[in-house]
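> Pasting a structure here, questions to come.
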Amino acid sequence: MVNERSMQDGIHSLSLFHFRNYEELSLSLIPAPVVLTGPNGAGKTNILEAISLFSPGRGLRSAKLSEISNASLKSSPLLWATSLILNNEVQLSTGLELSLAHQSGEKRVHKIQHESVKGQNSFSEWLNIIWLTPETDRIFLESPSIRRKFIDRLVYAEDPLHSERLNRYEYALRERLQILRQGGDPLWLRSLEEQLSSLGVAIAIARKNLMQRLNEGQEYQHDLFPRFKSQMIGEIDEWVSNGYAVDIEARLMEEFQKNRILDKESGTTRIGPHRSDWNVVHNTKGMIASRCSTGEQKILLIASIFSFIQQKVRNDDRLIVLLLDDVIAHLDFHHRVVLFDQICALQNNHQKECKGSVNTWLTGTDPLLFETLIGQGQFFSVDNAILTPG
């Protein structure tokens, strides 16, 4: 029987409407890790995706929002919706509606306590959502842009304004290149480069601070998790490690001006945080993650996530929702046990110094792989969008 401890902030219930293969679903939850098992295509990941849509962007699948609704239900004014009720009775909702007022004919809605709010950033007052999926297994072998996106989601969990800075930076990058191609107004060009310098340094510093916390968080890790060094690699990342923000902004501004002709010819901006990469080194082996085995890469990624979470729960009282989609594949028995122990310790807030709480959701095809969570987690068998407790 799961230990019925005092209710902390957590997800008390989840509701889906016209979402993927779920016409309607209402799920009541207890404060324990949630384990969803069942065959491929049964709808396990769809539930995790629904939760991930309370974070900035388009969720863990990066899907077009109009594709989420069941095709047979397109006649409904509400194309799809998902809502969470937290244990402190706060209700968060998001969905997609048909709307004649919008050019696309669709309107994304966000609500807190049934009152409309502007964008998913409003949910960050209550939630930090982090996920690992089978796609992230290859993160150390993918392009730098994939790793930057992963790191930026973690930065956003600490600083909700980070997403806005990134959007403004990317917009200014496109504007600058367009003006360079067109030979436009030099004053406007200088204004954009000032924006890029200020935003670029702020982005690089935020990532640097995250690297420091990832490295420091390892002191709370289980011994079976490998020790690692996490760092951002790039010219601007070297600058922010050894200088003051105002000086680095001036230096970056000079580089933008110096590279105008080259950037115009190449159609790319040669310097800035959009060129940075995330690098992880396995300390014991002295080897970068991309050269480690598949299993070692996955363990390093999990170790990085838990290092981050260990830091967060000690300094932030918001709920962390950790979505682990088929994450235990390629993990041996010992690392599965360590992973589950860490999850339960954080979920149950055994560590008295923790301010925040963690709600973990796991999926897998074989329930036997989760046997050490029996009695500590809430299990559901998923088959063709039907959930059976146990």
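The values are calculated or read from the model by the stated rules, or taken from the named source; none is laboratory data. Because the structure is a prediction, the values reported are computed rather than measured. Here the Cβ positions follow ideal geometry from the backbone for every residue, glycine too, while neighbour counts run over all protein chains shown.
> Give me the strands (runs of 3 or more DSSP E) completely within segment 58-171, filtered to those with at least 1 residues that are surrounded by fewer than 20 Cβ atoms within 10 Å (Cβ to Cβ), ordered by residue number.
Answer list for segment 58-171: 78-86, 91-98, 106-112.
> Among the residues of segment 15-52, count how many are of a type in the set (Asp, Glu) and over 20 Å from GLN120 (Cα atoms).
2
> Looking at segment 239-273 only, could you name the residues that are of a type in the set (Asp, Glu) and over 10 Å from LEU180 (Cβ atoms)?
Correct list: ASP247, GLU249, GLU254, GLU255.
Residue-wise test of (1) in contact with a Lys or Arg (Cβ under 9 Å, 6 or more places away or on another chain); (2) aromatic (Phe, Trp, Tyr); (3) farther than 23 Å from VAL358 by Cβ.
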| site | (1), (2), (3) |
| --- | --- |
| ALA289 | no, no, yes |
| GLY295 | no, no, yes |
| ILE299 | no, no, no |
| ILE302 | no, no, no |
| PHE308 | yes, yes, no |
| ASP316 | yes, no, no |
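> Which ones in segment 211-251 are more than 25 Å from ASN283 (Cα to Cα), of a type outside the set (D, E, K, R) and either touching a Phe, Trp or Tyr at 6+ places or on another chain (Cβ under 8 Å) or not in a helix (DSSP H, G or I) (or both)?
Hits for segment 211-251 are GLY243, TYR244, ILE248.
> With respect to SER197, is the statement that it is in a helix (DSSP H, G or I), farther than 30 Å from LEU60 by Cβ and modelled with pLDDT of 95 or more true?
Here the answer is yes, as SER197 does meet what is asked.
> Kindly indicate whether any position in segment 364-385 is farther than 30 Å from ASN21 by Cβ, in contact (Cβ under 8 Å) with a residue 24 or more places away in the chain and either among the aromatic types (Phe, Trp, Tyr) or crowded, with 19+ Cβ neighbours inside 10 Å (or both).
For segment 364-385, residues farther than 30 Å from ASN21 by Cβ, in contact (Cβ under 8 Å) with a residue 24 or more places away in the chain and either among the aromatic types (Phe, Trp, Tyr) or crowded, with 19+ Cβ neighbours inside 10 Å (or both): absent.
> Within segment 328-381, which residues are in a loop (DSSP other than H, G, I, E, B), among the small types (Gly, Ala, Ser) and either more than 23 Å from TYR220 (Cβ to Cβ) or in contact with a Ser or Thr (Cβ under 9 Å, 6 or more places away or on another chain) (or both)?
ALA329, GLY375, GLY377
> Moving on to the next point. What residue, among those in segment 277-327 that are assigned to a strand (DSSP E or B), of a type in the set (A, V, I, L, M, F, W, C) and farther than 27 Å from THR45 by Cα, is nearest to the chain's Cα centre (by Cα)?
Filtering first and then ranking leaves VAL280.
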